[in-house]
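Here, each number is a calculation from the coordinates, and none is a lab measurement. Keep in mind it's a predicted model, so treat the numbers as computed, not measured. Counting neighbours? That spans all protein chains shown, and the Cβs are built from the backbone with ideal geometry, glycine included.
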Amino acid sequence: METTLSEKLYETAVQLAPAGVHSPVRAFKAVGGSPLFFKKGVGAQLTDVDGNIYVDFCMCWGALALGHASPDVIGPMERQLQNGTHFGTPTEKDVELAQLILSALTPFDQIRFVNSGTEAVMTAIRLARGYTGRNKIVKIDGCYHGHMDPLLVSAGSGLMTQGISSSKGVTAGAIQDTLVVKYDSKESMLEAFNKHGNDIAAVIIEPILANSGLFEPSNDYMQFLRKITEDHGTLLIYDEVITGFRIGWGGAKAKFNIVPDIGTYGKIIGGGLPVGAVCAMKKIMDALAPVGGVYQAGTLSGNPLCMTAGAATLTALQKSKFYEKIENDLGPYLDKKIQNIKTNAPLYYKRVGSIFWLCPGQKGAPKDPDSISKEASEIFKSIYRKILAAGIYLSPSVYEVSFLSAAHNRKDIDKLAEALAKALNEI
């Protein structure tokens, strides 16, 4: 595999940006070597600057449900470009996308567009505090909600702890009102409410954890969360930046048949362009400025180019019967191919809708992100370059998940399974 141009670009990039990248995992620190630089994506394929072609299962970290450069999205974007990129005003496009999203997320009836998943969560947290008049937020350990200060926290040794900063630069004051509880633990959550129930504004959770492996809490636990929050007048926030429109038209909200008070969304709803959104019922959304006193603003929010790409993507997902294709064809086929791999090394695999996780070196299902073995990271690192050389691009960390798109086919899955089997059997 020729990588000369990527290596030269990286030599320049590290002089211009920390580790030469603009989001940490792109630096390939978890898999070794220098990152690849890409110049083109079409369908399920990526082409790097050296001309190597890969089947892409990262799909812009899940944002590209239709694949790269889908004509269904590119055409409408080109037409919008002729009219301008942004006006800083309301447009017909933000109305169109809002209607599409809310049609899938009933009973939510209002939405506020922002520019990233992190910004959506930041707005949701402020909204919850403003609406309830309370201060504290409960975060489930292992869930990731972007890089806002109050949620860059990890758990201590107890069942329920005050947040412990997981990043330098996050002050004690920024996290003093964040409580961290154990994943999928009723006992831990009960302790938080027993001690602080009258001051908990919201519980926030990835309803399906997809940022540190792939984990599904039980429906019983999700029902418990809904009840305990309702009993205490606390808002329940689903962070569906990844799972929204990825595991089904209604996301995890529909999967569990539980309605949270606030939902945050991103990735797919922007069709590959920067976007985020907060959704809730009008009585809660009315707390946002300019109707209410919770301030939020954004120069580029509701950008018509992003709105156009998002609306085109959601429309195409419906017309193409994407979710039926995943559940009836590609998903089961992927399950069978991966589960039939014969190798001396253990391989844990899990899929939820169009999200899947490959964890080589893991013996059995880990119960939470902290249970992912060190051996898994080491084995993933040892095989990653071999998989790349076989023409497969995966997210460069064992903790990251992978994605199917409408552009993938069975031959792409065959290629992934063959590359994975060969690499594991060469350990």
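Results, tabulated for the structure shown:
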read-out	value
Rg to Rh, two decimals, where the chain supplies the alpha carbon set and Rh follows Kirkwood	0.96
Overall Cα dimensions of segment 71-318 - principal axes, largest extent first, Å	57, 35, 33
T315/T106 FRET efficiency (R0 22 Å; Cβ-Cβ; nearest 0.05)	0.75
Contact order normalised by residue count of segment 82-221, Cα under 8 Å, 6+ apart, percent	23
Student exercise, segment 71-318 dipole from Lys, Arg, Asp, Glu Cβ charges, in Debye to nearest 20	220
Potential extension, Y295-A389 segment - 0.36 nm per residue separation minus Cα distance	28.9 nm
Between segment 1-56 and segment 254-300, the Cα center-to-center distance that results, in Å	33
Extension reserve of the M281-D329 stretch, reckoned as 0.36 nm per residue once the Cα distance is removed	13.7 nm
Average Cα contact separation per residue, the chain, under 8 Å, 6 or more apart, as relative contact order %	22
Segment 304-346 and segment 377-417: distance between their alpha carbon centers, rounded to Å	15
Computed label-point distance, nm, for sites L16 and K367 using a 7 Å Cα→Cβ extension	4.8
Hull shadow area, averaged, segment 337-420 [alpha-carbon convex hull, nm²]	5.5
Longest DSSP-loop-exposure-free segment, GluC sites (Glu not before Pro), the chain, at most 13 other Cβ within 10 Å	3-425
In nm, spacing of pseudo-spin labels at S167 and A69 (7 Å Cα→C-beta vector)	3.4
Segment 258-356: chymotrypsin sites (Phe, Trp or Tyr not before Pro) in DSSP loop, at most 11 other beta carbons within 10 Å	Y295
Choice from A44, A65, A345 with maximal GNM fluctuation in the chain (Cα, 10 Å cutoff)	A345
Over the chain: helical MRE at 222 nm, DSSP H runs n ≥ 4 each giving -39500 (n - 2.57), nearest 500	-11000 deg cm²/dmol
Relative contact order of segment 71-318, pairs being alpha-carbon contacts under 8 Å that are 6 or more residues apart, as %	30
Cross-link partners of K367 among aspartates and glutamates (Cα-Cα below 13 Å; sequence separation of 8 or more within a chain)	D141, D184, E216
Compactness index (Cα Rg / 2.2 N^0.38 Å), segment 222-308	1.20
Shape metrics for segment 37-162, restricted to C-alpha atoms - Rg then Dmax, Å	19.8, 57
Cut-off 12 Å between beta-carbons: net charge of the residues surrounding A419, Lys and Arg +1, Asp and Glu -1	+1
Two-site label geometry, L5 and N83: point separation in nm, points 7 Å out along Cα→Cβ	3.6
